[in-house]
Amino acid sequence: MFAYVNTYSQCTTCNNPIPGTTNYASKVGTDNIATGNNSFAGGITSRANGAQSFAFGSAAIADGANSFALGWGTLSNSNFAVSIGTSDTASGVGAMVLGTNSRAGGTGSLAMGNFVQAMSNYSMVIGTGFQPT
């Protein structure tokens, strides 16, 4: 599921990185920003701000160190957070979210499904929650 990206090989002059990147960071696509060391941003308007972070998709944001964001409007803003899907947010340390409009805010929490939230530490929510009208 996770792929290793050798960002070192893509850094032509690391003392003078390409615009929108920093040390050993890489970006591919349109209007992406990779400011975390050893980070990768790909797709359209994605950001990889955390060290060793990976963001790919449309407006995917990986702000935490070692975080992973994949999809449309996904956000991983804590260390070791993983967010995959559409409009998902993983804000707890080590939290993981997979689905649509779901949130994992507690440390080590897991939210899988549509419109679900796992906000307590080490909690897990799987299924379909309330969809606002």
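The table that follows gives values for the structure above.
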quantity: Contact order relative to length of region 18-128, as percent, for alpha carbon pairs under 8 angstrom and 6 or more apart; calculated: 12
quantity: Sequence of THR22, THR74 once ranked by neighbouring C-beta atoms within 10 Å, starting from the fewest; calculated: THR22, THR74
quantity: FRET efficiency, MET124 to TRP72 (Cβ-Cβ, R0 41 Å, nearest 0.05); calculated: 0.95
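Every number here is computed from the coordinates shown, using simple stated rules; none is lab data. Since we're looking at a predicted model, the values are computed, not measured. Quick reminder, even Gly has a Cβ in these numbers, built from the backbone with ideal geometry, and neighbours come from all protein chains shown.
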